[in-house]
Amino acid sequence: MSARILSGKEIAEKIKQDVKKELEILKEKGIKPKLVAVQVGENPSSRVYLNAQKKSCEAMGIEHEVKNVNQDTTENELIQFIHTLNNDSSITGIILQLPLPQGIDVRKVQSNIAVEKDVEGVNPANLGWIVYGRPLLAPCTALAVKELIDSTGVDLYGKEVVMVGHSDIVGKPVSMLLVDKFATVSICHIGTSEKGMLETHVRMAEILIVAVGKAHLIKGDWVKEGSIVIDVGINKLGDKIVGDVEFDIAKERAWWITPVPGGVGPVTTAILLRNTIIAAKMLNRQ
Ligand code: NDP
């Protein structure tokens with residue numbers, strides 16, 4: 001039997017409706033969320049992403065501004081600039097667009113974003129709150145994965161979850177969010193693959209989440225019958241955008257599967273808007 005397609009578009013739409021309602025309430029109280037994205041130097045693909053981000057904010061009625069910083073800025077100058085944004089009370093959310101120029105310590109700069117303005121959840125304090133089981137502003141993609149899984153109605157208690165990829169903003173926070181619901185989470189990475197153990201783990205997964213960035217790394221016939229598959233990967237293959245999972249074969253085995261594009265992506269964008277509201281509320285003690 002073919003899987004149900006777990007469309008991110010519908011879930012994103014629902015989140016946006018909630019965001020709209022929250023915005024109305026905030027505006028009645030005189031609170032106007034404003035998001036600032038910091039772009040260091042020029043990067044054509046960042047530019048496309050920032051334009052899309054601006055569009056989705058403005059469609060909601062959230063002010064969005066891109067601040068351009070010179071390519072040859074030093075780490076200290078960039079940190080100082082982040083501090084000026086932290087201290088500007090008209091700004092309620094800050095995004096640091098990656099990549100940064102070579103020689104700048106990304107984590108050090110991210111750790112200087114005010115915790116309450118950190119709408120992407122990249123400040124170590126916000127990542128730490130996930131470990132405590134009390135996520136405040138968590139990374140948008142990690143929250144999107146959790147949202148997609150929850151939408152299936154599955155009970156996570158004791159479920160075999162396999163997370164492929166252990167990045168700081170996807171694999172690790174996703175694992176923490178699911179462990180807190182008492183899922184049994186295995187985290188796979190390059191070491192798992194190089195030991196030839198990736199297939200073994202994937203075959204056991206009742207819930208499989210893949211965030212690697214390698215087209216079709218996960219063979220469709222590894223996917224467990226009746227499982228839930230969340231494919232975070234975005235890869236260009238010829239003129240097509242594909243995920244990390246061999247979708248056509250996997251969909252014949254899974255119970256639910258996210259498409260790429262149209263799965264995790266739209267939910268991630270909607271969560272950024274939701275985080276922007278949460279940040280504005282925290283700053284105004286709402
Ligand atoms: P990173 O490159 O930061 O992390 C990739 C992870 O995959 C690392 O843990 C890496 O391990 C692991 N890995 C690499 N090769 C293998 C392998 N052969 N077998 C098992 N694990 C492997 O990527 P991100 O987490 O930032 O992103 C992952 C993918 O998700 C990308 O395609 C990205 O474009 C996409 N993405 C999509 C989003 C969306 O909204 N849909 C948002 C964010 C990301 P190691 O470090 O040990 O090499």
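The values are calculated or read from the model by the stated rules, or taken from the named source; none is laboratory data. It should be emphasised that the depicted structure is a prediction, and the values quoted were computed from it without experimental measurement. As a convention, Cβ positions derive from the backbone with ideal geometry for all residues, glycine included, and neighbour counts pool all protein chains shown.
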If K108 meets every condition in (1) touching a Lys or Arg at 6+ places or on another chain (Cβ under 7 Å); (2) surrounded by fewer than 16 Cβ atoms within 10 Å (Cβ to Cβ) apart from one, which number is that one?
(1)
Restricting the search to segment 212-254, which residues are within 9 Å of the ligand (Cβ to nearest atom) and among the basic types (K, R)?
K214
Under 6 Å by Cβ, and 6 or more places apart or on different chains, what pairs join a residue from segment 127-147 that is more than 17 Å from A183 (Cβ to Cβ) with one that is in a loop (DSSP other than H, G, I, E, B)?
W129/P135; W129/L136; L137/D118; L137/G121; P139/G121; P139/I169; T141/V170
Which of the residues that make up segment 122-136 are within 16 Å of K172 (Cβ to Cβ) and touching a helix residue (DSSP H, G or I) at 6+ places or on another chain (Cβ under 7 Å)?
V122, N123, A125, N126, L127, I130, V131, P135
Across segment 163-211, which residue is surrounded by the fewest Cβ atoms within 10 Å (Cβ to Cβ) among those that are in a helix (DSSP H, G or I) and more than 13 Å from the ligand (Cβ to nearest atom)?
R203
In segment 212-245, anything part of a loop (DSSP other than H, G, I, E, B), within 17 Å of S7 (Cα to Cα) and charged (D, E, K, R) is listed as D244
If you check L136 against the conditions, is it more than 9 Å from the ligand (Cβ to nearest atom), closer than 24 Å to I91 by Cα and modelled with pLDDT under 95?
yes
Can you tell me which residues in segment 54-88 are under 23 Å from E22 (Cα atoms) and assigned to a loop (DSSP other than H, G, I, E, B)?
G61, I62, D88
Run K236 past the list (1) crowded, with 16+ Cβ neighbours inside 10 Å; (2) out of contact with any helix residue (DSSP H, G or I) (no Cβ under 6 Å at 6 or more places or on another chain) and report the number of the one that doesn't hold.
(1)
